[in-house]
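One structure below.
The values are calculated or read from the model by the stated rules, or taken from the named source; none is laboratory data. Everything quoted here is computed from the prediction, not taken from an experiment. Cβ placement follows ideal geometry from the backbone for every residue including glycine, while neighbour counts extend to all protein chains displayed. Note: accessible area is taken over every heavy atom of the protein model, side chains too, but ligands, DNA and RNA are not part of it. Shrake-Rupley method; radii C 1.70, N 1.55, O 1.52, S 1.80 Å.
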Amino acid sequence: MFRGGNEGMSTIPGLNQIQFEGFCRFIDQGLTEELYKFPKIEDTDQEIEFQLFVETYQLVEPLIKERDAVYESLTYSSELYVSAGFIWKTSRDMQEQTIFIGNIPLMNSLGTSIVNGLYRIVINQILQSPGIYYRSELDHNGISVYTGTLVSDWGGRLELEIDRKARIWARVSRKQKISILVLSSAMGSNLREILENFYQQFACVGGDPVFSESLCKELQKKFFQQRCELGRIGRRNINRRLNLDIPQNNTFLLPQDILAAVDHLIGMKFGMGILDDMNHLKNKRIRSVADLLQDQFGLALIRLENVVRGTICGAIRHKLIPTPQNLVTSTPVTTTYESFFGLHPLSQVLDQTNPLTQIVHGRKSSYLGPGGLTGRTASFRIRDIHPSHYGRICPIDTSEGINVGLIGSLAIHARIGHWGSLESPFYEISERSKKVRMLYLSPSRDEYYMVAAGNSLALNQGIQEEQVVPARYRQEFLTIAWERVHLRSIFPFQYFLLELPSFLLSSIMMRIGL
């Protein structure tokens with residue numbers, strides 16, 4: 001605990017809490033969400049049907065202890081069992097059995113998993129949040145070219161552009177430019193709807209559209225077969241950015257999204273709207289241990305589905321009577337997690353140099369990994385410190401060499417919010433109430449407040465301390481009158497990670513008997 005002038009006692013939070021909360025969210029929600037996606041599987045004649053009953057799944061106690069798993073080079077895991085039914089449609093008879101799906105590696109008290117006798121930890125990944133982002137760049141003639149980039153959670157990337165001749169183009173997955181008319185038509189919009197949306201504001205929509213057969217097939221593949229999926233975070237971001245009211249459960253890209261995105265891009269061309277800062281943390285999301293483990297479980301269930309389909313077809317072909325236990329094997333789930341913990345770049349062997357390095361390793365964050373950036377292509381702007389990092393990402397602790405600025409650590413009080421954003425706590429400065437109120441704010445919210453440092457102000461404005469204090473507003477650092485301050489940091493060093501020099505660490509460890 002640390003004492004700061006007026007706030008009383010400020011307690012250091014559980015530094016492994018992010019790992020624990022992520023794993024608990026995976027067990028409580030992630031498993032169920034993926035199991036509900038498992039489809040009903042029928043044979044070719046549609047006479048029999050296989051399905052899982054998700055409501056009755058259970059994880060049993062591990063068969064071995066953590067220490068034995070380390071000594072014997074085993075995986076500390078729990079067996080997952082789910083009820084499954086086999087239905088004969090002609091007679092409506094059903095055979096139900098409890099089947100073994102596979103082994104799920106568990107998390108221990110250190111926030112790590114024991115896989116093949118090794119302590120492995122899954123670090124957090126920072127990704128571009130799915131949504132629509134608008135930018136302006138100068139071409140070789142010094143003329144501003146406005147673009148809108150639609151980032152999906154899964155699927156292709158769409159780029160919209162207004163060139164210097166006032167024509168609107170679209171680029172699907174960074175390939176050849178096409179007219180916005182062609183794209184909108186391929187997604188199901190009719191010509192009348194497109195013209196009604198654009199004609200009053202803009203005359204040209206990409207020149208003369210050319211509807212070639214190969215182009216239409218490519219668009220069909222991108223937007224109808226694979227379906228550009230935004231996810232729940234992407235749907236929320238696009239609804240907010242484009243002022244749409246599409247239900248949150250509709251997570252796929254729709255023609256309405258395209259028309260609204262182009263309409264907003266036209267407004268940008270005429271000076272209406274604010275361009276986006278791609279490096280601001282409000283435009284990033286954290287891919288936590290919960291998301292990574294859930295993605296791997298979904299991949300394992302897809303593999304299991306293929307196995308079950310093949311087994312049903314083989315049994316029918318050889319005139320055998322299949323049962324749920326005969327159809328399901330634990331290999332897809334077990335091997336998928338073994339491969340993930342052993343080969344995935346975000347799964348690393350725990351740094352056990354000393355107790356502090358173990359804690360620091362659990363709070364690492366990385367822009368690298370699948371779906372992220374690479375050390376050779378990342379620009380300096382991405383690596384640089386951003387004002388939105390305040391209280392969320394430590395500005396000091398980072399790797400050296402080619403990955404500098406791409407691998408860092410979360411600040412001491414930072415936590416992951418419900419929508420995958422990094423949140424930081426602040427005290428509210430109140431004129432009326434003497435009750436201290438602490439708020440956790442996302443990067444998109446605290447930029448609207450005047451935020452003072454943790455050692456600058458009392459919590460109650462009735463107590464005058466300093467007439468002028470340093471504060472932060474949006475992305476600027478100012479010196480303002482203390483009456484104008486809205487929030488105050490809870491701790492003077494909350495924007496750092498708790499990491500001490502080696503000689504201080506040795507002294508502390510000797511004092512506590514380590």
Residues in region 303-336 that are of a type outside the set (D, E, K, R), open to solvent by less than 100 Å² (accessible area, probe 1.4 Å) and touching a residue at least 40 places away in the same chain (Cβ under 8 Å): how many? 16
Any residue in region 261-276 that is buried (at least 16 other Cβ atoms within 10 Å of the Cβ) and within 29 Å of Gly408 (Cα to Cα)? yes
Scan region 69-104 for residues that are open to solvent by less than 10 Å² (accessible area, probe 1.4 Å) and under 27 Å from the mean Cα position of the chain (by Cα) and jot them down. Ser78, Leu80, Ile101, Gly102, Ile104
Tell me which residues, restricted to region 390-410, are modelled with pLDDT under 90 and in contact with a helix residue (DSSP H, G or I) (Cβ under 9 Å, 6 or more places away or on another chain). Tyr390, Gly391, Pro395, Asp397, Thr398
Go through the residues of region 421-434 one by one and say whether even a single one is at pLDDT 85 or above and of a type in the set (Gly, Ala, Ser). yes
Do we find a residue being assigned to a strand (DSSP E or B), of a type in the set (Asp, Glu) and either open to solvent by less than 60 Å² (accessible area, probe 1.4 Å) or modelled with pLDDT under 65 (or both) anywhere in region 154-174? yes
Regarding region 230-244, can at least one residue be identified that is farther than 29 Å from Tyr367 by Cβ, among the aliphatic types (A, V, I, L, M) and in a helix (DSSP H, G or I)? no
Would it be correct to say that Leu59 is in contact (Cβ under 8 Å) with a residue 24 or more places away in the chain and surrounded by 19 or more Cβ atoms within 10 Å (Cβ to Cβ)? no
In region 354-389, which residue that is assigned to a loop (DSSP other than H, G, I, E, B), open to solvent by less than 40 Å² (accessible area, probe 1.4 Å) and not small (Gly, Ala, Ser) is modelled with the lowest pLDDT? Asn354
Kindly check whether there is at least one residue in region 288-301 that is open to solvent by less than 30 Å² (accessible area, probe 1.4 Å), within 23 Å of Gly234 (Cα to Cα), out of contact with any Ser or Thr (no Cβ under 7 Å at 6 or more places or on another chain) and among the β-branched types (Val, Ile, Thr). yes
Quick check: is even one residue across region 342-349 surrounded by fewer than 18 Cβ atoms within 10 Å (Cβ to Cβ) and free of Cβ contacts under 8 Å to residues at least 40 places away in the same chain? yes
Identity of the residue in region 232-254, open to solvent by less than 40 Å² (accessible area, probe 1.4 Å) and out of contact with any strand residue (DSSP E or B) (no Cβ under 7 Å at 6 or more places or on another chain), that ends up nearest to Met187 (Cα to Cα): Leu254
